[in-house]
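Working notes, beginning with the structure itself.
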Amino acid sequence: MKSTSAFVVGVGVGLLLGTKAGREKLDQLKDWATDAWQDPRVQEHVAGASEKAKTYVAEQSAALRDQVNATLHPEES
């Protein structure tokens, strides 16, 4: 099943890159993705997710550091 999926994806990529119409479609998709990424509404969500990630890392860093130290240096625990 895994190899079948890889084959299908490979054929799709080959068609996109191997034909003029495919390359034009790929360019359209890239333009759409760029426009979507630059949309202020998307950037609001990106900024919110970034802040949540920073807060989570700040809250969890001490606990994670202790777990890593305990794993790397079990004799000190």
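Note the angle between two axes, namely the Cα long axis of helix 2-18 and the longest principal axis of the Cα atoms of the chain, as a number of degrees from 0 to 90, rounded to the nearest 10. With both axes taken from Cα atoms, the answer is about 50 degrees. Against the chain, whose longest principal axis comes from its Cα atoms, helix 40-72 is set at around 40 degrees. Neighbours of Gln38, meaning other residues whose beta-carbon lies under 15 angstrom from its beta-carbon, give a summed charge of -2 when Lys and Arg score +1 and Asp and Glu score -1. Think of the chain as having a plus end and a minus end, set by charges on the Cβ of Lys, Arg, Asp and Glu; of Leu29, Leu64, Gly10, Gly10 sits farthest toward the positive end of this dipole. First compute the accessible area of the chain with a 1.4 Å probe, then give the percent of it belonging to carbon and sulfur atoms. C and S fraction of accessible area: 63 percent. Axis angle, to the nearest 10 degrees, between helix 20-38 and the longest C-alpha principal axis of the chain: 40 degrees.
Overall, the ratio between the Cα radius of gyration of the chain and 2.2 N^0.38 Å, rounded to two decimals, is 1.95. Each Lys and Arg Cβ is given +1 and each Asp and Glu Cβ -1; about its Cα centre, the chain then shows a dipole of about 500 debye. In this label model, Val9 and Glu51 are separated by 3.5 nm, measuring between points 7 Å along each Cα→Cβ vector.
The values are calculated or read from the model by the stated rules, or taken from the named source; none is laboratory data. Computed from a predicted model, the values in this text were never measured in an experiment. All Cβ positions, even for glycine, are placed from backbone atoms using ideal geometry, and neighbour counts span all protein chains on display. To get the accessible areas, we keep the full protein, side chains included, count just its heavy atoms, and leave off ligands, DNA and RNA. Shrake-Rupley method; radii C 1.70, N 1.55, O 1.52, S 1.80 Å.
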